[in-house]
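Input: a single structure, listed below in structure tokens.
The values are calculated or read from the model by the stated rules, or taken from the named source; none is laboratory data. As the structure is a computational prediction, the values presented were derived from the model and not from experiment. Every residue, glycine as well, gets a Cβ built from its backbone with ideal geometry; the counts of neighbours run over all protein chains shown.
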Amino acid sequence: MAEHTLKEGHRGAQRKIRLGFGELYASAGDHIAHFYSSREEWHSVFAGFLTAGLQDGDKCVYFQKAGSVGDVASQFTTDEDILLRNACSTGQLEFHRGESDSHDMRALLADALAEIPGKYPRLRWAGDMTWSLGKHSAQQLMEWESHCNHFDQSQAIFLCQYDLSSFSGRVVMNALQTHPLCIVGGSIHRNPYFIRSSTS
């Protein structure tokens, strides 16, 4: 898997957007998969991505099984916790447990994108994909992931975190096929397994 150029930015003259961890950068429209094997690894990406987004004034939406700010507050430093709670109170940051109906998920995304760029410069749409367990079949989950690839011209960044201990090898391979970019070993790589779908 060849290392992508996101450490230095890509897509020509597009503004680099810091991801908040590992000195990595992305561009608007990117859809990135992160496969992790420890909570520490998950947290470094999760906390960095949200903190950087809030500091940059982005709208941030994060999905996980524990969906409230109180559920995740203990995972942040004191300064990060204050930033997080303030952002939740203003609506800049939202936590969700996810919807079992794909139409409801699409509606959530449409509502968030409607605030860009009028209210916020961009959207950071992310989640620990264990939120989908028990709500979506593997096929439904991948249909959702494919749907997110149709916003590559939008002012949004999509980050999907997969716990390798919670998903089967088949789901992980399917996730590889639906993400153009992957975080591996602290770097972002263009994903050779990615297959673009023509459906939305």
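Which one of the conditions (1) out of contact with any strand residue (DSSP E or B) (no Cβ under 7 Å at 6 or more places or on another chain); (2) under 27 Å from Lys59 (Cβ atoms) does Leu159 fail to meet, given that it meets all the rest?
So Leu159 meets the others, but not (1).
Please indicate, with yes or no, whether at least one residue in the stretch 150-158 is out of contact with any Gly (no Cβ under 9 Å at 6 or more places or on another chain), in contact (Cβ under 8 Å) with a residue 12 or more places away in the chain and closer than 19 Å to Trp42 by Cα. Walk me through it before giving the result.
The first filter runs over the stretch 150-158 and keeps only residues out of contact with any Gly (no Cβ under 9 Å at 6 or more places or on another chain), leaving 150.
This time we only want the ones that are in contact (Cβ under 8 Å) with a residue 12 or more places away in the chain, so: 150.
Those still in the list that are closer than 19 Å to Trp42 by Cα too: none.
No, the stretch 150-158 contains no residue that is out of contact with any Gly (no Cβ under 9 Å at 6 or more places or on another chain), in contact (Cβ under 8 Å) with a residue 12 or more places away in the chain and closer than 19 Å to Trp42 by Cα.
Any chance the stretch 154-166 includes a residue that's in contact with a Pro (Cβ under 8 Å, 6 or more places away or on another chain), surrounded by fewer than 20 Cβ atoms within 10 Å (Cβ to Cβ) and closer than 26 Å to Ala107 by Cα?
yes
All but one of (1) among the small types (Gly, Ala, Ser); (2) within 24 Å of Phe167 (Cα to Cα); (3) at pLDDT 95 or above hold for Ala112; state the number of the condition that does not hold.
Ala112 satisfies all of (1) among the small types (Gly, Ala, Ser); (2) within 24 Å of Phe167 (Cα to Cα); (3) at pLDDT 95 or above except (2).
Out of Lys59, Lys119, I need the residue that is over 23 Å from Val184 (Cβ atoms), out of contact with any Pro (no Cβ under 9 Å at 6 or more places or on another chain) and among the basic types (Lys, Arg). Which one?
Lys119
Looking only at the stretch 60-81, filter to residues that are at pLDDT 85 or above and not hydroxyl-bearing (Ser, Thr, Tyr); which one of those is surrounded by the most Cβ atoms within 10 Å (Cβ to Cβ)? Don't jump to the end; show me each part of the working.
Filtering the stretch 60-81 down to residues at pLDDT 85 or above leaves 60-64.
Retained after the next criterion (residues that are not hydroxyl-bearing (Ser, Thr, Tyr)): 60-61, 63-64.
Values: Cys60: 26, Val61: 22, Phe63: 23, Gln64: 21.
Here the answer is Cys60.
Provide a single number: the residues in the stretch 23-59 that are surrounded by fewer than 19 Cβ atoms within 10 Å (Cβ to Cβ), charged (D, E, K, R) and part of a loop (DSSP other than H, G, I, E, B).
Within the stretch 23-59, residues that are surrounded by fewer than 19 Cβ atoms within 10 Å (Cβ to Cβ), charged (D, E, K, R) and part of a loop (DSSP other than H, G, I, E, B) number 2.
Out of Phe95, Phe76, which single residue is out of contact with any Leu (no Cβ under 8 Å at 6 or more places or on another chain) and either acidic (Asp, Glu) or closer than 29 Å to Glu41 by Cβ (or both)? Give the steps one after another, and end with the answer.
On the way: Phe76 fails: out of contact with any Leu (no Cβ under 8 Å at 6 or more places or on another chain).
Unique residue meeting the criteria: Phe95.
At least 1 residues that are in contact with a helix residue (DSSP H, G or I) (Cβ under 9 Å, 6 or more places away or on another chain) and of a type outside the set (S, T, N, Q) in each: list the strands (runs of 3 or more DSSP E) lying fully within the stretch 116-200 that qualify. Explain how you work it out, then say what you get.
Details: elements: 123-128, 156-163, 181-184, 187-190.
Of the strands (runs of 3 or more DSSP E) lying wholly inside the stretch 116-200, those with at least 1 residues that are in contact with a helix residue (DSSP H, G or I) (Cβ under 9 Å, 6 or more places away or on another chain) and of a type outside the set (S, T, N, Q) span 123-128, 156-163, 181-184.
Pairs needed: first member in the stretch 24-41, touching a residue at least 24 places away in the same chain (Cβ under 8 Å); second member anywhere, charged (D, E, K, R) and crowded, with 17+ Cβ neighbours inside 10 Å; C-beta distance under 7 Å; at least 6 residues apart or different chains.
Listed pairs, sorted by first residue: Ala28/Arg122; Tyr36/Asp163.
With the requirement that a residue be closer than 21 Å to Gly29 by Cα and in a helix (DSSP H, G or I), what does the stretch 88-102 give you?
Ser102
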